[in-house]
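First up is the structure itself, then whatever we jot down about it.
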Amino acid sequence: MEKSEVGTIKSEWAARWADLKYTLYLLRKNPLVMAGIFMTLFFIALMFLANYIVDPRLANPAGYPEFGGNYPFQRSYVWSKGNIISWGPGIHLYEGSEFFPLGTDGWGRDLLKMIVLAIPVDMENAIIITLGAAAFGTLLGALAGYVGGVIDEVILRITDIFLSIPYLILALVFAAMFGRTIETLRFSILLVFWPTYVRLMRGQILSEKEKSYVEALKALGAGHARVLFGHIIPNSIYPVLVQATLDFGSVVLTFSALMFLGFSPSPSLPELGNLASDGYFHIFDAPWLMMFSGLTMLLIALAFNLLGDGLRDVLDPRIRR
Amino acid sequence: MKLYEYIIRRLILMIFVLLGISLIVFYLARGFPTGIDPVTPYIHSKMTAEQIEMVRKIHGFDQPLYIQFFYWLRDILQGDWGITGTWANSRPTNVVFFSHFPYTVELSVAATILTVAIGLPLGIISALKNNKLPDHVSRIIALAGYSTPAYWFGFVLQLVFFYYLSLWGLPHLPSSGASGMEGVVSRITGMPVLDGILAGNLGYTLDALAHLILPAFSLSFISMGFLTRIVRAGMLEVLRQDYITLARSKGLTERVVIYRHALKNALIPAVTLTGMFFALLLGGAMITEYVFAWPGVGQISLRAVFQGDSNFLLVYTLVTAAIIVIANLIVDVLYVFLDPRIKY
């Protein structure tokens with residue numbers, strides 16, 4: 001390698017580093033974005049740690065196995081304080097007390113612990129769905145934009161069809177027909193979210209492929225795959241990242257909405273929408289169930305939306321300053 | 001391309017989109033053994049087995065799925081939309097659909113009005129006070145808007161404005177239904193508020209409005225956030241352009257610069273997204289209608305999903321999809337008038 005070449009590569013990396021530092025500086029300047037970053041990190045940490053913080057066996061509606069199906073707290077004590085409400089056989093809803101800071105759900109499980117256990121379930125599924133939708137949509141969009149012609153037209157029309165169906169009905173019908181499993185739910189939500197990425201990526205590719213470096217690469221004898229996957233897609237991936245961050249919140253909400261509407265594989269699964277749907281029937285007499293599970297969903301979605309919104313402001317060259 | 005050619009091209013494309021949608025929904029709703037037998041809603045207790053067989057033959061339920069689709073297509077083109085599920089007493093789908101559709105339209109229109117009335121000023125303030133306190137506040141409201149689970153927000157509204165207010169003996173808003181005085185006014189449009197106004201019945205109108213407030217606000221909360229962010233982004237981009245600097249250096253007041261010069265151009269992207277809002281509102285209306293027991297088509301389609309009622313689902317998706325496509329078309333045509341640089 002000649003000296004001058006090393007110099008250009010170095011300066012290129014220096015420029016990228018400077019750019020990154022400036023981006024971080026811009027992000028730091030905005031307190032809301034910082035709040036978003038910290039909340040996101042908090043939920044991601046909770047996703048990995050939840051099963052160590054709370055014993056996952058607590059989610060079993062039959063109670064602790066080692067206590068022979070009973071619960072280790074004294075129900076009589078709660079009863080004597082007068083804050084138990086009797087709903088009939090099999091339903092044990094307690095209002096918040098020193099034992100359960102947020103109250104209990106219909107099985108007498110501690111709501112706070114169930115919410116902690118629910119966070120990894122929601123996060124994990126939302127991550128899988130969002131990445132799946134983004135990857136699928138990006139690939140199709142890249143194909144449509146790069147190849148053009150008939151393939152472009154066909155992909156766009158299919159995208160149009162999926163964009164014109166009211167977004168929930170598609171997921172609902174799909175989930176209703178394929179049975180109540182987590183995999184079905186994941187796929188049904190993926191069906192709703194991929195078309196945005198096709199449009200986004202296609203637009204990016206159309207402007208990117210006209211640039212002179214693509215022509216230079218082709219002149220150097222680079223194949224289509226190398227040009228597309230090695231250069232064009234990496235150069236136009238930022239909007240996709242921002243969109244995925246923004247979509248993450250919506251995916252969490254849609255996933256829990258389907259659970260709420262009754263597509264849950266098991267009513268005792270600790271999942272935020274599931275906990276909320278338990279509370280729907282006790283909406284006025286046991287509001288804590290729905291209140292706190294919904295609030296958790298809001299916080300997760302808000303964290304990722306704050307982050308995505310900040311990223312968009314910082315990465316979008318038209319708004320960046 | 002002339003404008004009318006463009007419109008015709010889009011309308012022809014719309015037919016293909018609708019055909020594609022009906023194929024997908026038809027396959028999903030009828031193609032699986034988990035769905036109920038499509039002949040079920042046609043049956044009543046006085047029918048003999050032969051008559052049931054005849055219904056099967058007429059509508060092609062005994063044929064393979066891909067042939068059934070053509071039977072359905074033939075029926076729907078002849079104006080026979082089929083019989084909808086047992087939950088609706090096996091009535092014709094179009095009767096059920098169009099008697100409940102006005103409720104959904106009323107809800108969506110009210111939500112759109114609220115979206116624009118709240119989202120637009122928030123977005124403008126946000127851009128003018130970029131990265132200052134008002135911007136942060138409006139950003140929080142907007143982002144909270146689309147981070148909020150729709151059903152949860154509806155529930156919180158019900159809890160506060162219906163349950164707690166009524167517990168404390170204060171005047172409260174109704175929590176469910178579209179009207180508390182069913183049958184007082186004759187149905188003309190099917191939308192309670194509009195019917196009340198047409199009949200000149202003030203009490204009925206106010207009652208219908210009171211029923212409308214909570215669901216509409218709950219529904220508009222999501223799209224409001226989107227509108228705010230889009231108006232803000234558009235405004236920020238326009239405010240940095242040369243012609244704004246020129247307008248300012250001419251000595252125009254800030255008011256004139258913003259409202260006469262900047263806003264017009266900043267609103268173009270917001271207008272183009274109205275189509276998207278409509279899709280969002282129609283889709284979101286399902287959950288809002290479910291929570292507020294609003295008698296619209298969204299809530300009914302939710303029941304149809306659980307019953308595997310393909311006839312109603314097909315009508316629901318086709319009509320809403322057609323509305324979404326046409327709304328997008330109108331927006332694209334409006335674009336030409338709003339932005340003279342764009343040609344077709």
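Of note:
- Every residue from segment B:168-207 that is hydrophobic (A, V, I, L, M, F, W, C), exposed (fewer than 14 other Cβ atoms within 10 Å of the Cβ) and in a loop (DSSP other than H, G, I, E, B): B:168, B:170, B:188
- Of the set (1) under 25 Å from the mean Cα position of the chain (by Cα); (2) hydrophobic (A, V, I, L, M, F, W, C); (3) exposed (fewer than 15 other Cβ atoms within 10 Å of the Cβ); (4) at pLDDT below 85, all apply to residue B:16 but (4).
- The single residue among A:259, A:297, A:291 that is closer than 20 Å to residue B:148 by Cβ and more than 9 Å from chain B (Cβ to nearest Cβ) turns out to be A:259.
- For the residues A:142, A:126, A:135, the requirement of being touching a Phe, Trp or Tyr at 6+ places or on another chain (Cβ under 9 Å), modelled with pLDDT of 90 or more and surrounded by fewer than 16 Cβ atoms within 10 Å (Cβ to Cβ) singles out A:135.
- Listed here are the helices (runs of 4 or more DSSP H) enclosed by segment B:208-293 that have at least 3 residues being surrounded by fewer than 19 Cβ atoms within 10 Å (Cβ to Cβ) and touching a residue at least 40 places away in the same chain (Cβ under 8 Å): B:263-272.
- Search result, residues across segment B:159-188 that are under 29 Å from residue A:256 (Cα atoms) and touching a helix residue (DSSP H, G or I) at 6+ places or on another chain (Cβ under 7 Å): B:159, B:161, B:173, B:174, B:175, B:176, B:177, B:178
- Of the residues making up segment A:175-214, just one is over 15 Å from residue A:250 (Cα atoms), surrounded by 16 or more Cβ atoms within 10 Å (Cβ to Cβ) and among the hydroxyl-bearing types (Ser, Thr, Tyr), namely A:184.
- Among the candidates B:112, B:104, residue that is in contact with a helix residue (DSSP H, G or I) (Cβ under 6 Å, 6 or more places away or on another chain) and in a helix (DSSP H, G or I): B:104
- Residues being under 21 Å from the mean Cα position of the chain (by Cα) and more than 13 Å from chain B (Cβ to nearest Cβ) - total across segment A:16-48: 9
- Sole exception among (1) surrounded by fewer than 24 Cβ atoms within 10 Å (Cβ to Cβ); (2) part of a helix (DSSP H, G or I) for residue A:248, by number: (1)
- Residues considered: A:203, A:230. Of these, the only one that is modelled with pLDDT of 85 or more, at negative phi and part of a helix (DSSP H, G or I) is A:203.
- Residue within segment B:121-134 that is out of contact with any strand residue (DSSP E or B) (no Cβ under 7 Å at 6 or more places or on another chain), surrounded by fewer than 17 Cβ atoms within 10 Å (Cβ to Cβ), assigned to a helix (DSSP H, G or I) and modelled with pLDDT under 85 present: no
- Residue A:118 vs. criteria buried (at least 17 other Cβ atoms within 10 Å of the Cβ), in a helix (DSSP H, G or I) and away from chain B (no Cβ under 14 Å): no
- For segment A:165-192, filtered to residues that are of a type in the set (Ser, Thr, Tyr) and part of a helix (DSSP H, G or I), the residue that is nearest to the other protein chains (Cβ to nearest Cβ) is A:167.
- Single residue of B:159, B:143 found to be among the aliphatic types (A, V, I, L, M), surrounded by fewer than 21 Cβ atoms within 10 Å (Cβ to Cβ) and at the interface with another protein chain (Cβ under 10 Å from one of its Cβ atoms): B:159
- Filter pass, residue A:214 being more than 14 Å from chain B (Cβ to nearest Cβ) and either of a type in the set (A, V, I, L, M) or part of a helix (DSSP H, G or I) (or both): yes
- Taking the conditions (1) assigned to a helix (DSSP H, G or I); (2) away from every other protein chain (no Cβ under 14 Å); (3) free of Cβ contacts under 8 Å to residues at least 12 places away in the same chain in turn, residue A:222 satisfies each one other than (1).
The values are calculated or read from the model by the stated rules, or taken from the named source; none is laboratory data. Bear in mind that the values here come from a model prediction, so they are computed numbers and not experimental data. Using ideal geometry, Cβ is built from the backbone for each residue, glycine included, and neighbour counts are taken over all protein chains shown.
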